[in-house]
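The values are calculated or read from the model by the stated rules, or taken from the named source; none is laboratory data. None of the values given here were measured: they were computed from a predicted structure. FYI the Cβ positions are ideal-geometry reconstructions off the backbone, even for glycines, and counts take in every protein chain you see.
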Amino acid sequence: MVGCLGLLAVLLLDGASAAANGSTDVPALSPPARTWFPKAPPLPPATGNQVEVSTVEELIRAVEGAEPGQTILVAEGHYLLPRYIEIRADGVTLRGASGRRERVVLDGVRSMHGELLGFRDCADVTVADLTIQNIRYNGFKINSDSGVQRLTIHNCIVHNIWQRGVKGVKVPQENREAIRPKSCRVQYCLFYNDRPKRLTDDPHDIADGNYIAGIDVMYAKDWVIRDNVFVGIQGRTFEGRGAVFLWFDTQDCVVERNIILDCDVGLQLGNAHRADGVEVHCVRCVAQNNFITRAPEAGIVAVHTKDCRILHNTIHDPDSRMSRLLRTVFANDGLLVANNLLSGPGMSNESDSEIAFGGNLLRDMSGAFADPAGGDLHLRHAVAEVVDQGVVLTAPVTEDIDRQHRDERPDIGADEWMADTER
């Protein structure tokens, strides 16, 4: 079950170098990388109130004492955090000073806590151009019961986080509409683990070593999760949660243009478990233009959704353990599943609802993809059953996974074939 992009890539540090937090001579991470992975546009240069940090003590002091609107610039180095830290002011930006995310590493391996970097009662915060790694529970912890709004996580690496890379917790019913996490962005990030989870990573795991996911958010509204890469988010027995997992009355979110490789579940809209009066997990959410390779539990699953859309995704798993590249379960009223390219043995519709299916192609397409083992599901040549064969949608998906224009006769899958396009 180990993927082909180097899931055993490790931080090239010895103990002595790691102790020298803030040192610019610390070797870089060696994360999975391919030329066709999404590339983050650089943030504009920092302006206004700025503080520069280069040691763990300076970093903790700057984060916990951040002033509204302040930018914290973190020098290249390896920062062994002794405990959890939290941003609590509006408009704060925490970013790697050099823009090289693999060179600014916030490491929880020696932390006394199980969470690394949190957000509480704040809005318009940005975290960018850095790595978080090695924590037992949650990497980026969104305390969404306190009112966290318009958070952006941009061009970060999330490495060896053993429950959730990004976690948004339950929101109490009182004042829920006002404080639920709204308009957040997770974009151009790399989530990867070196290996499947072990019981020793999390002795309190409630799912026999499978309580793991990339992004897990409840009560989200108007989120965009795009242009990220997820590699090797796997449970002990390969029965973990989604690389992206949205549930508990999540509304109007878009999950698009992500690369998901060797994760137990690709995209998970909802869950069989409902509590706190929740009847529908995902409302008007869209999953489109994603590449998913080898997701043994399911490529995309929809459970207790309403008016959601699953459009123009490419899922490749010809040896699928469960034969359900796309799975629908329980109520999914108003669900549209269209123009998806399913390269493998099956789709599983276990839903009680009438679902609109159209333009989906189920067929092993291994020979048509650029590098199916490595997760590159771009078409390497025109395929008659794919090109111009998608159904025309009333609300069309106008771009593909590379943001190339789709014409009025769309192709099936995430990649719109362009004969003159160089990969």
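Among the candidates Lys197, Lys182, which residue alone is without any contact (Cβ under 8 Å) to a residue 60 or more places away in the chain, among the charged types (D, E, K, R) and closer than 28 Å to Glu67 by Cβ? If you could, list the steps in order and put the result at the bottom.
Details: Lys197 fails: closer than 28 Å to Glu67 by Cβ.
On inspection, the qualifying residue turns out to be Lys182.
Determine, yes or no, whether Asn258 is without any contact (Cβ under 8 Å) to a residue 60 or more places away in the chain and either farther than 19 Å from Phe291 by Cα or assigned by TED's automatic domain parsing to the domain that holds Trp36 (or both).
Numbers: without any contact (Cβ under 8 Å) to a residue 60 or more places away in the chain: yes; either farther than 19 Å from Phe291 by Cα or assigned by TED's automatic domain parsing to the domain that holds Trp36 (or both): no.
Here the answer is no, as Asn258 does not meet what is asked.
Checking the condition in contact with a strand residue (DSSP E or B) (Cβ under 8 Å, 6 or more places away or on another chain), in a loop (DSSP other than H, G, I, E, B) and assigned by TED's automatic domain parsing to the domain that holds Val158, which residue from Asp205, Asp194 passes? So that I can check it myself, show each step before the final result.
Details: Asp205 fails: in contact with a strand residue (DSSP E or B) (Cβ under 8 Å, 6 or more places away or on another chain).
Matching residue, one of Asp205, Asp194: Asp194.
For segment 184-191, indicate whether the set of residues that are over 13 Å from the mean Cα position of the chain (by Cα) and modelled with pLDDT of 95 or more is non-empty.
Initially, segment 184-191 is screened for residues over 13 Å from the mean Cα position of the chain (by Cα), giving none.
Looking for residues that are over 13 Å from the mean Cα position of the chain (by Cα) and modelled with pLDDT of 95 or more, one finds none in segment 184-191, hence no.
Specify which of the listed residues (Leu335, Leu362) is aliphatic (A, V, I, L, M), touching a residue at least 12 places away in the same chain (Cβ under 8 Å) and closer than 26 Å to Arg284 by Cβ. Give the steps one after another, and end with the answer.
Values: Leu362 fails: closer than 26 Å to Arg284 by Cβ.
Criteria check complete, one pass: Leu335.
Would you please list the contacts, defined by Cβ atoms under 8 Å and residues six or more apart or on different chains, that run from a residue in segment 398-419 that is within 18 Å of Asn258 (Cβ to Cβ) and in the same structural domain as Val383 (by TED's automatic domain parsing) to a residue that is surrounded by 16 or more Cβ atoms within 10 Å (Cβ to Cβ) and at pLDDT below 95?
Note: pairs meeting the criteria are Gln404/Met418.
Rundown of residues vs (1) in contact (Cβ under 8 Å) with a residue 24 or more places away in the chain; (2) under 27 Å from Gly413 (Cβ atoms); (3) among the acidic types (Asp, Glu), yes/no style:
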site	(1), (2), (3)
Asp202	yes, no, yes
Lys221	yes, no, no
Phe248	yes, no, no
Leu269	yes, yes, no
Phe291	yes, yes, no
Ala298	yes, yes, no
His304	yes, yes, no
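Got a number for residues in segment 242-280 being closer than 30 Å to Thr398 by Cα and not in a strand (DSSP E or B)? I'd like the intermediate steps shown before the answer.
First pass over segment 242-280, keeping only residues closer than 30 Å to Thr398 by Cα: 242-271, 280.
Adding the requirement that they be not in a strand (DSSP E or B) leaves 248-249, 252-253, 257-258, 262-264, 270-271, 280.
Going through segment 242-280 one residue at a time, the tally reaches 12.
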